[in-house]
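Right, one structure below, let's go through it.
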Amino acid sequence: MLKILRLLVPASATLFLSLVWHSNASAGGPPPDGRLLGSQCFQCHGTNGKGSGFSTFLGKSSTEIYNTLYEMSQRPVESIMDRHARGYTDQQLHLLADYLSTLN
Amino acid sequence: MTKMIMRRNFLKAAGAIATLAAIPRAVQAAVTPLPRVVVVGGGFGGATLAKYLRMWGADIGGINVTLIDTNPSHVSCVLSNLVVNGTKTLSSITLGYTSLKNRGVTFVQGTATSVNPALNTVRVQPATGAAYDQPYDHLVMSPGIDFLRPPVFTASSTGGDFDSVHAWRAGPQTTWLKNQLAAMKNNQTFVMTVPKSPYRCPPGPYERACIVADYLKSKKYTGAKVIVLDANASIQAEPEGFGYAFNTVHKGIIQYVPNAKVDSVNLATKSITVTTDGGATFKSYTANVLNYIPNQKAGSIAAPFADASGFVPVEPLSYSVKQAIDGVVYSNVHVIGDACKLPGYDLSGKPVTVPKSAHMANSEAKVCADAIIRSLGGFGYPDDNIATNSACYSPITKSVASWLSTSFVYGSVGTAPNLATGMIRTDLGEAPLERISSDGFQEMFIWANNLFADSFT
């Protein structure tokens, strides 16, 4: 958590984020972890990642997706994704990378 | 219908009519086959909500979704300034509901005229036939904006009310504006207003000024001008990019006037009077084309749930309304998109506005859909590890575009016990000047097409 705060929050501010975990997905069960967060990528990358024109995360592992997002959040801003990646907590980047890697 | 009455009586007996959201579907299943969600307004927010409720509703065995809109299809505001300059056609940005119907959404062309939250019904006047009450378990209103009258208004002899020359809802007015622009000549003036924040699409008015200036330049008109009367103290979105566009790209054509509070609008003389010093002095502008974009409020169906700002305060995790009606807060009534008002803060705890945009409405619809599914399924309500975002591209000429991005995460900022809780703006930024480019212009269509598809198909 301290690492997240260092990454995303100016020293003058404190950001508290609630962490509520839900059980894993199953038929008839609660929404899968990360689905709601991951769906916020679909505006540009298509519903369940099936858009066209921008680069895709389909077929990539969770680690690959996370590493890409992490790199985007650290490098100088050139594209919208460099901004978007800065908008999530580190925990959220992991959670949505895990979910997006399950789509195909 | 009989089933719904039975169910209502059952709920009333349980003393739970206002806390319907808390009743697990297992209990509901005993009296009604599928939970009913009624969505009022088929723009980006409402369409996305209807789609995702059907797509994700399988979690709980399905949801009966009814989408109500006055029009048979939705004309996108996104890209509509490119209809004004002739780059796009209106039909190319008209989005139908066929795909949503194929997903099992019941589409009703009609107008929702009032809500009876105590009875869980919404009054519908269909395009054809008699008015009726539509029952719901959850109601989601995504009505977009309505407009506020200026202090003084004079109509023209050919009619048209104060809200007839904004082109801030895409459709017939977009075509009207395009025709007005096409009729301009040398030494003529286009006068437009920027509404007081918050308003729909923060970069939109500045984008329009750029598109109009670019068009006038492309026609090689001499002495043609664009006067931008901004009710705000400064450019409200992409200040660097639009500052560059106004002062460099369109230098000599765009005249920017900040702090311009509209006092009177006269459509007969195409003139508008503003004060920039709080009413000490007034200045009138006479236009060849007057594009008056009024200040805004929530769409009228949601007005009973609005506060003094004219917008509807909602809970950021569920988009449930916060305003009580006759002492009752109805957690099964939700408002998303341009009509809603969220508690938003920057990282220092300063209040900020969550922008009103198509992309954000889509984002909010997903949060709302997830919360409704958790509520109906009794899975724990709602998820609080949420994020929303908005991105957009803004053309500053007919071949070059800038972009804007903002991100929000639910949480609290500050130092206990003085915490501000809500949607925390974790990032905000615009295209670096060197990235305002023709590449951006091409990416704009990729973004728009994917946004259209994620919302309407």
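Please treat every number below as a calculation from the coordinates, not as lab data. What you see is a predicted model; the values in this text were computed from it and never measured. Positions of Cβ are backbone-derived with ideal geometry, glycine not excepted, and every protein chain shown enters the neighbour counts.
If r is the Cβ-Cβ distance from B:GLN109 to A:GLN91 and R0 is 41 Å, what FRET efficiency results, to the nearest 0.05?
Numbers: r = 44 Å, r/R0 = 1.08.
That pair, B:GLN109 with A:GLN91, gives E of 0.40.
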Cross-link pairs B:LYS225/B:LYS261; B:LYS196/B:LYS219; B:LYS196/B:LYS283; B:LYS251/B:LYS297 - those with Cα-Cα distance over 26 Å: B:LYS196/B:LYS219; B:LYS251/B:LYS297
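Take every residue in peptide B:343-351, count the Cβ atoms of other chains within 10 Å of its Cβ, and give the average of those counts. Mind showing how you got there, number by number?
Values: counts 0, 0, 1, 1, 7, 4, 2, 0, 0.
Mean inter-chain Cβ contacts per residue within 10 Å come to 2.
Output the Kirkwood hydrodynamic radius of region B:176-242, Cα pairs only, in Å rounded to one decimal.
On the way: mean 1/r = 0.0788 Å⁻¹.
Roughly 12.7 Å, rounded to one decimal.
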Set of lysines with alpha-carbon distance to B:LYS101 below 26 Å, sequence-local pairs under 8 removed: A:LYS50, B:LYS3, B:LYS51, B:LYS366
Reference-scaled alpha-carbon Rg (2.2 N^0.38 Å with N residues) for chain B: 1.01
Residues of type aspartates and glutamates that B:LYS178 reaches as a straight line, Cα spacing below 18 Å, ignoring anything fewer than 8 places off in the same chain: B:ASP163, B:GLU207, B:ASP214
Two-decimal Rg to Rh for region B:303-443 - Kirkwood Rh, Cα set: 1.04
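What is the ratio of the Cα radius of gyration of region B:149-294 to 2.2 N^0.38 Å, with N the residue count, to two decimals? Write out the running numbers ahead of the final one.
Working: Rg = 14.3 Å, N = 146, 2.2 N^0.38 = 14.6 Å.
Scaled against compact globular proteins, the figure is 0.98.
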Reference-scaled alpha-carbon Rg (2.2 N^0.38 Å with N residues) for region B:391-457: 1.52
B:THR98-B:ASP326 pseudo-label distance in nm [points 7 Å out on the Cα-to-Cβ vector]: 4.5
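Over all directions, the average projected area of the alpha-carbon convex hull for region B:285-327 comes to how many nm²?
Averaged projected hull area, Cα only: 5.0 nm².
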B:ASP439 versus B:ALA183: modelled label distance in nm, points set 7 Å from Cα along the beta carbon direction: 4.3
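What's the long-distance tail for region B:117-205, i.e. % of Cα pairs beyond 17 Å? Could you put the intermediate results ahead of the total?
Working: 2690 of 3916 pairs.
Of all Cα-Cα pairs in region B:117-205, 69 percent lie more than 17 Å apart.
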Pairwise centroid distance, computed over Cα atoms, of region B:37-113 with region B:305-347, Å: 22
Helix-only [θ]222 nm of chain B, DSSP H runs n ≥ 4, -39500 (n - 2.57) each, per residue, nearest 500: -7000 deg cm²/dmol
Region A:33-57 and region B:396-445: distance between their alpha carbon centers, rounded to Å: 18
Estimated FRET transfer efficiency (B:THR415, B:ASP277; beta-carbon r; R0 41 Å; 0.05): 0.55
Residue-averaged beta-carbon neighbours from other chains (10 angstrom radius) around B:405-414: 5
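Semi-axes of region B:212-363's equivalent ellipsoid from the Cα gyration tensor, sqrt of 5 times each eigenvalue, largest first, rounded to whole Å?
Sorted largest first and rounded, they come to 36, 19, 15 Å.
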Inter-chain shielding of B:383-395 (mean C-beta neighbours from other protein chains, 10 Å cut-off): 5
Simple label model, 7 Å out from Cα along Cβ direction - B:LYS219 to A:SER55, nm: 4.3
q = 0.12 Å⁻¹, the protein assembly as shown: log10 I(q)/I(0) [Debye, one scatterer per Cα]: -1.20
Alpha-carbon spread of region B:334-411, three principal axes, descending order, Å: 51, 29, 21
